[in-house]
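Read the structure below first, then the notes.
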Amino acid sequence: IAASGLKAQSGRMRVIAEALPDPTILLNAAGQVLYCNAPARGLFASLREGSHISSVIRTPEFLDAVGAAPLRGRAVTVTYAERVPVGRRMAATVAPLTRGSEPDSDILVLLRDLTEVERINQMRADFIANASHELRTPLASLRGFIETLQGTAKDDPKARERFLAIMAEQASRMTRLIDALLSLSRVEMNAHVPPSGRVDLNDVLDHVRDTLEPLARDSGGRLVVGRFPRPAIVRADRDELVQV
């Protein structure tokens with residue numbers, strides 16, 4: 001009866017492991033693989049039932065957690081880095097399948113790939129640092145010109161006119177940067193929201209041509225824009241298409 005109960009419990013654990021979206025590996029107390037779900041097999045091509053977990057994960061911290069799991073009686077999470085076959089950072093939760101310290105209890109290993117999350121966090125930190133730097137430069141310039149206009153150039157009309165023109169240019173630069181930040185924020189927030197509006201691409205092309213023709217003339221060029229021979233209706237956001 002005891003053997004039958006253990007077999008039924010193992011079968012239920014296999015069903016649960018296969019239903020989990022993250023890589024999941026079931027080990028015995030000795031660290032040998034009893035079962036691994038499809039995501040785990042995709043993560044480790046050489047992972048086989050009956051093999052020891054150290055054949056695919058050799059990090060000492062992880063192996064120590066697996067070895068201590070049956071007597072520890074509680075789950076722990078360790079992080080480790082892999083360099084081959086690709087560089088990535090993983091979090092492994094090692095949980096003994098028991099309510100107490102049983103030396104022969106099976107062990108459940110849940111894996112999470114932290115690589116993309118950490119990459120995005122680093123990108124955001126770099127982005128904020130770069131944006132802050134880009135804003136700080138024109139702000140410093142504006143402050144310098146304001147102090148000059150309040151001091152030595154206070155009664156100099158020519159200097160005041162020249163400085164005000166430069167200040168307007170710096171203010172426009174900050175406006176463009178802020179608009180870019182807001183645009184990126186909208187794109188990120190709506191990344192998974194399909195547009196609901198219907199737009200004729202010919203109208204978009206006409207608008208962009210009318211907007212850019214003066215710039216083309218000022219540069220000594222000529223702007224030629226092709227049109228679709230009939231209405232080209234697409235589901236899109238008109239303002240974002242114009243920006244592109």
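Taking each DSSP H run with n ≥ 4 as -39500 (n - 2.57) and averaging over every residue of the chain yields -18000 deg cm²/dmol at 222 nm. Just the protein heavy atoms count here, and of the accessible area of segment 185-244 at 1.4 Å, carbon and sulfur take up 54 percent. Restricting the trypsin sites (Lys or Arg not before Pro) of segment 70-142 to loop positions (DSSP other than H, G, I, E, B) with no more than 15 neighbouring Cβ atoms within 10 Å leaves Arg74, Arg83, Arg99.
Computed with a 1.4 Å probe over protein heavy atoms only, the accessible surface of the chain comes to 68 Å² per residue.
Under a model in which nothing but the beta-carbon of Lys, Arg (+1) and Asp, Glu (-1) is charged, the chain shows a dipole of about 280 debye around its Cα centre. Percent of accessible area on segment 85-183 owned by carbon and sulfur, 1.4 Å probe? Percent of accessible area from carbon and sulfur atoms in segment 85-183: 56. Exposure check, 1.4 Å probe, all protein chains in place: Arg217 carries approximately 150 Å² of accessible surface.
In the P(r) worked out for the chain, what percent of Cα pairs fall beyond 29 Å?
The proportion of pairs with Cα distances above 29 Å equals 62 percent.
Charges were assigned to the Cβ only: +1 to each Lys and Arg, -1 to each Asp and Glu. The resulting dipole of segment 186-244 about its Cα centre is roughly 240 debye.
The values are calculated or read from the model by the stated rules, or taken from the named source; none is laboratory data. From a predicted model like this one, the values you see are computed outputs, not experimental measurements. Glycine also receives a Cβ, built like all others from the backbone with ideal geometry; neighbour counts cover every protein chain displayed. Ligands, DNA and RNA are excluded from the accessible area calculation, which covers all protein heavy atoms including side chains. Shrake-Rupley method; radii C 1.70, N 1.55, O 1.52, S 1.80 Å.
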